[in-house]
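The values are calculated or read from the model by the stated rules, or taken from the named source; none is laboratory data. Note that this is a predicted model, so its numbers are computed, not measured. Note that we place each Cβ from the backbone using ideal geometry, even for glycine, and neighbour counts take in every protein chain shown. Side chains included, ligands, DNA and RNA excluded: accessible areas come from the protein's heavy atoms. Shrake-Rupley method; radii C 1.70, N 1.55, O 1.52, S 1.80 Å.
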Amino acid sequence: MKIILVRHGVSAANITKQDSASDVFNNKSGFNVLLKTRRSLEKFNIDHVYSSSLKEAKQTADMLGFKDYTVDERLDELDLGPYKGELYEQFQSKYAEFLDQHTDDAASIKFPGDESREDLIKRTSEFLDELVEKGEDALCVSHNLTIRAALFWILEYTKNFDNFWIENGAVTVFDIKDGKKLIESINVL
């Protein structure tokens, strides 16, 4: 079975460098990237499509031609609570002292939304485990940090969390065979 993960297209929040905001697409480049993504997905036999509950993910599923999909909040981006939608630089400066104190244990830091990277990995892993039980080839439209968290469903070593970046519209594929989880590709456009 294959689990295909796609990051949503370019949103207004991506352009302005806001974290965890759920905006609609506002530029043509976001659509052009998804045309490439759509072509990349043609080679897969997709049994079911899942989407995060956030607008940009649902809109991406629609733009990729999938109108019948299941929304699952476990595919949502990391919950940053009241910080949601603020500029990345503001977050870095506002929480600089707190972040500096936790550099050795970045995975367990609880962000203002009371969710850590470990929490995100856990909820994403629970979702992926359920997919494996179903045995279906699934497309999951999600977000940068959530797809990075999904990688650690396989890698299990969170110290390298920041060593991955998932591009908008990029395809990441896991191949599950005989209970073995394999990363087939990451960040393909």
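Things to note:
- V24 vs. criteria in a loop (DSSP other than H, G, I, E, B), at pLDDT below 90 and among the β-branched types (V, I, T): yes
- Positions within the range 34-65 being open to solvent by 50 Å² or more (accessible area, probe 1.4 Å) and not in a helix (DSSP H, G or I), in sequence order: E42, K43, N45, D47, H48
- Residue within the range 113-123 that is in contact with a Leu (Cβ under 7 Å, 6 or more places away or on another chain) and either surrounded by fewer than 18 Cβ atoms within 10 Å (Cβ to Cβ) or in a strand (DSSP E or B) (or both) present: yes
- Within the range 151-172, being aliphatic (A, V, I, L, M) and either surrounded by fewer than 21 Cβ atoms within 10 Å (Cβ to Cβ) or free of Cβ contacts under 8 Å to residues at least 60 places away in the same chain (or both) holds for L151, I154, L155.
- Condition check for L151 on (1) at pLDDT below 90; (2) part of a helix (DSSP H, G or I): one failure, at (1).
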